[in-house]
Amino acid sequence: MVVWPNVVQKHVMEELPFMATEVILMECVKAGGDRQELHEAIRVHSMDAGKVVKGEGKANDLLERIAKDPLFEAVHSKLDTLVDPKLFIGRAEEQTKEFLAEEIDPVLQKEEGLLGKEVVDGVNV
């Protein structure tokens, strides 16, 4: 299996702005913003950004929309830190390590003799 970090990053950044809207909303509310007004503004910005992504095939511009909106001024200077992907992964890293240790490593150890053998199977068309 090949993992392409840049492709993963691209896909994460396409969806992350939508995931971060609650964090952005709550930070603005903490700073004294009106929750209902902010929620409506995020809804409108999200719908418009979604149309750009899905309808025009362009990059997600939700964060740029929020960065230009004075309603969200309270988070403009820290917008980048609020959308750090690491804030949205929960226990994924630990769960992956646990899965590998508990499920994959035992199979690899059991089948160690098969590892490294040249496989000559193939399909010729």
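The values are calculated or read from the model by the stated rules, or taken from the named source; none is laboratory data. On a predicted model such as this, the values are computed, not experimentally measured, just so you know. Counting neighbours? That spans all protein chains shown, and the Cβs are built from the backbone with ideal geometry, glycine included. All accessible areas refer to the heavy atoms of the entire protein, side chains included, with ligands and DNA or RNA removed. Shrake-Rupley method; radii C 1.70, N 1.55, O 1.52, S 1.80 Å.
Quick look at the values:
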quantity: Residue, nearest to Met13 (Cα to Cα), within the range 68-86, restricted to residues that are modelled with pLDDT of 90 or more and open to solvent by 80 Å² or more (accessible area, probe 1.4 Å); calculated: Asp80
quantity: Residue list for the range 67-93, filter: in a helix (DSSP H, G or I), over 17 Å from the mean Cα position of the chain (by Cα) and either among the charged types (D, E, K, R) or more than 23 Å from Gln36 (Cα to Cα) (or both); calculated: Lys68, Glu73
quantity: Residue check for Met13: aliphatic (A, V, I, L, M), out of contact with any Pro (no Cβ under 7 Å at 6 or more places or on another chain) and at pLDDT 95 or above; calculated: no
quantity: Condition broken by Pro70, with the remaining ones in (1) farther than 24 Å from Lys86 by Cα; (2) free of Cβ contacts under 8 Å to residues at least 40 places away in the same chain; (3) in contact with a helix residue (DSSP H, G or I) (Cβ under 7 Å, 6 or more places away or on another chain) satisfied; calculated: (3)
quantity: Boolean, Gly32 is loosely packed, with under 11 Cβ neighbours inside 10 Å and either touching a Lys or Arg at 6+ places or on another chain (Cβ under 9 Å) or modelled with pLDDT of 95 or more (or both); calculated: yes
quantity: Candidates Glu64, Glu103, filtered to the one that is over 20 Å from the mean Cα position of the chain (by Cα), free of Cβ contacts under 8 Å to residues at least 60 places away in the same chain and open to solvent by 90 Å² or more (accessible area, probe 1.4 Å); calculated: Glu103
quantity: Condition met for Val29 (in contact (Cβ under 8 Å) with a residue 60 or more places away in the chain, closer than 20 Å to Lys78 by Cα and among the β-branched types (Val, Ile, Thr)); calculated: no
quantity: Single unsatisfied condition, Gly57 versus (1) at positive phi; (2) surrounded by 10 or more Cβ atoms within 10 Å (Cβ to Cβ); calculated: (2)
